[in-house]
Amino acid sequence: MKSILSAIALSTFVAIASFSQAHAQTLDARANVPFAFECGGHHFAAGTYTISMLDSATVSLSNAAKSDTELALIESIGDADSPHAPGSLTFRKYGNTYFLAKYSAHGINVTVVESKQERSVARDYAANRMAPAPAQVAALGK
């Protein structure tokens, strides 16, 4: 009886772990960003990036060509307007400077926390009664 309960507990644990891993993988987005941008206080050159949710509070942004990975904090996670909408990265553009604002993948929107640098630029824009321009980059297919 003890071995049956152990087997059930083990199979339940494996099923939950597999589901969690599969769910996390579906939130990855990959995009070719044609301009330099800022995210989480870090500067990124133009290139192809993969953005992934590491947990409910952190995203990873990596450029395979440069073996470069940086982390940023998540402000919020929500459902996209359509679960079948293509993935994308959305930026806020202040002059010639872009800041990653959110990414969408597989029906989920993940909003990234504004950096100290972006808050400063946003205050300057607001003082001049200007708003940032949105810029969106479509995610690449698998």
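The values are calculated or read from the model by the stated rules, or taken from the named source; none is laboratory data. For clarity, every value in this text was computed on a predicted model and none was experimentally measured. Because the Cβ atoms are built from the backbone with ideal geometry, glycine has one as well, and the counts that use them run over all protein chains shown.
Could you say which residue among 137, 112 is more than 20 Å from residue 54 (Cα to Cα) and under 14 Å from the mean Cα position of the chain (by Cα)?
137
Give all pairs with beta carbons closer than 8 Å in which a residue from the range 42-71 that is touching a residue at least 60 places away in the same chain (Cβ under 8 Å) and over 21 Å from residue 116 (Cα atoms) meets a residue that is of a type in the set (D, E, K, R) and surrounded by 15 or more Cβ atoms within 10 Å (Cβ to Cβ); count only pairs at least 6 apart in sequence or on separate chains.
48/30
Tell me whether the range 126-133 contains one or more residues that are in contact (Cβ under 8 Å) with a residue 12 or more places away in the chain, under 20 Å from residue 48 (Cα atoms), surrounded by 17 or more Cβ atoms within 10 Å (Cβ to Cβ) and not polar (S, T, N, Q).
Looking for residues that are in contact (Cβ under 8 Å) with a residue 12 or more places away in the chain, under 20 Å from residue 48 (Cα atoms), surrounded by 17 or more Cβ atoms within 10 Å (Cβ to Cβ) and not polar (S, T, N, Q), one finds none in the range 126-133, hence no.
Does the range 93-142 hold any residues that are charged (D, E, K, R) and within 18 Å of residue 29 (Cα to Cα), and which are they?
Passing the criteria: 102, 142.
Going through 61, 89, 100 one at a time, which residue ends up being modelled with pLDDT of 85 or more, in contact with a His (Cβ under 9 Å, 6 or more places away or on another chain) and under 25 Å from residue 122 (Cβ atoms)?
61
If you go through the range 7-26 one residue at a time, do you hit one that is within 17 Å of the chain's Cα centre (by Cα), at pLDDT 75 or above and aliphatic (A, V, I, L, M)?
No.
Return the total of residues in the range 46-60 being small (Gly, Ala, Ser) and closer than 18 Å to residue 88 by Cα.
Total meeting the criteria: 4.
Does residue 95 satisfy the criteria of being farther than 13 Å from residue 41 by Cβ, surrounded by fewer than 17 Cβ atoms within 10 Å (Cβ to Cβ) and among the small types (Gly, Ala, Ser)?
The answer is yes for residue 95.
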